[in-house]
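Okay, so here's the structure we're looking at.
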Amino acid sequence: ETPQASGPDVRVERDGGIAIVTIDRPAALNALSPDVLRALHAAFESLAADGSAVRGVLLTGAGGRAFVAGADIRAMADLTPEQGEESARLGHRVAGAIEGLAAPVIACVDGFALGGGLELALACDFIYATDASTFGQPEVRLGLTPGFGGTVRLPRAVGLARAKELIYTARRIDAAEAAAMGLVSRTFADRDALFEGARATLAEIEANAAPAVGIAKRVLVAAAGRRTDRAAEIEIAGFGDAFRTEDMREGVAAFIEKREPGFTGA
Ligand code: CO8
């Protein structure tokens, strides 16, 4: 694994087509200060600039206790309403960079994923977690509201009623409960198993046509929350786009010729 971009709070390592982005601020349980958010944004922008060389991303937190324990509460204490909006906007820009990356991003949660931390995980394509992980939207206990996508993506993940219950109660739930409600896709006994499982999933994805995976992600992100007719149009356009790719010709030809496809990513 080779370090790629390194800041004080966010590390990016590359291992072949896989990038591992680590939020490394364990003394504050990886809380999202404005600096961390800017470094995350820069990390995902730099991965996007690498184009098709990046086939999958694992996003995680360092220190063994937290994925991310939320936005940095100390940094929010004295903000004006306008500055509060601006910090939420910065969070949304990070979510946009994650959702805008063609390659899938798996949130690898080992420990607390609270507030802005859960919202960051929700901006990823799906969430894998260790059994010891904890999830929640504790904002209202601080007099805050979710500001980094919690009211947008949490209802999509778990349904409106469960999202309301989690947000209004500020209740923390464990990985088993999070998995039962569909918030977490898979749970693992420990951190090693978590990364082994996440890498195995990325390898499964990597065997498929990269342009098709990228189009599917773009369509899924763009269609989320849209009216059926609009979502259908987005899907139809994406389906057409797949026909522009060499990998689509190769995948279909390989099926007809009863052989394994040789995808090139073109
Ligand atoms: N911000 C800043 N510092 C934090 C945060 C945080 N969110 N969470 C933990 N820390 C710090 C603690 O202050 C402590 O620092 P120190 O040692 O200097 O006192 C250190 O991390 C360790 O934390 P604890 O001693 O509290 O550890 P415990 O094991 O006792 O408790 C908890 C762990 C339960 C996770 C506890 O730390 C906690 O409740 N943290 C806050 C969780 C929270 O409320 N998060 C939501 C924040 S609000 C939010 O995320 C809004 C999102 C919208 C923002 C939009 C833009 C990003």
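Among 150, 100, which is the only one that is surrounded by fewer than 16 Cβ atoms within 10 Å (Cβ to Cβ) and modelled with pLDDT of 95 or more? First the steps, then the outcome.
Details: 150 fails: surrounded by fewer than 16 Cβ atoms within 10 Å (Cβ to Cβ).
One residue alone meets the criteria, 100.
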Write out, first by first residue and then by second, each pair whose Cβ atoms fall under 7 Å of each other, whose residues are 6+ apart or on separate chains, and whose first residue, in region 15-44, is farther than 16 Å from residue 104 by Cα and within 10 Å of the ligand (Cβ to nearest atom) while the second is open to solvent by 10 Å² or more (accessible area, probe 1.4 Å) and among the hydroxyl-bearing types (Ser, Thr, Tyr). 34/87
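Regarding residue 148, is this residue more than 8 Å from the ligand (Cβ to nearest atom), closer than 28 Å to residue 199 by Cα, in contact with a Gly (Cβ under 8 Å, 6 or more places away or on another chain) and aromatic (Phe, Trp, Tyr)? Spell out how you get there, then give the answer.
Details: more than 8 Å from the ligand (Cβ to nearest atom): no; closer than 28 Å to residue 199 by Cα: yes; in contact with a Gly (Cβ under 8 Å, 6 or more places away or on another chain): yes; aromatic (Phe, Trp, Tyr): yes.
Criteria not met by residue 148.
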Just name the residue that is farthest from residue 62 (Cα to Cα) out of those in region 104-120 that are open to solvent by less than 10 Å² (accessible area, probe 1.4 Å) and more than 12 Å from the ligand (Cβ to nearest atom). 105
When residues of region 160-185 are filtered for being surrounded by fewer than 15 Cβ atoms within 10 Å (Cβ to Cβ) and at positive phi, how many remain? 1
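Considering only region 186-207, I want to know if a residue exists there that is at pLDDT 95 or above, within 16 Å of the ligand (Cβ to nearest atom) and open to solvent by 60 Å² or more (accessible area, probe 1.4 Å).
We begin by selecting, within region 186-207, every residue at pLDDT 95 or above; these are 186-207.
Of the ones still in play, those that are also within 16 Å of the ligand (Cβ to nearest atom) are none.
Taking every residue of region 186-207 in turn, none turns out to be at pLDDT 95 or above, within 16 Å of the ligand (Cβ to nearest atom) and open to solvent by 60 Å² or more (accessible area, probe 1.4 Å).
Residues that are assigned to a strand (DSSP E or B) and at pLDDT 95 or above: does region 70-80 have at least one? Before the answer, list the steps.
As a first pass, look at region 70-80 and keep what is assigned to a strand (DSSP E or B): 71.
Next, only the ones that are at pLDDT 95 or above stay: 71.
Among the residues of region 70-80, at least one is assigned to a strand (DSSP E or B) and at pLDDT 95 or above, which makes the answer yes.
The values are calculated or read from the model by the stated rules, or taken from the named source; none is laboratory data. Remember, predicted model here, so these are calculated numbers, not experimental data. Don't worry about glycine lacking a Cβ; one is built from the backbone with ideal geometry, like all the others, and counts go over all protein chains shown. Please note that ligands, DNA and RNA were not included when accessible areas were found on the heavy atoms of the full protein model with its side chains. Shrake-Rupley method; radii C 1.70, N 1.55, O 1.52, S 1.80 Å.
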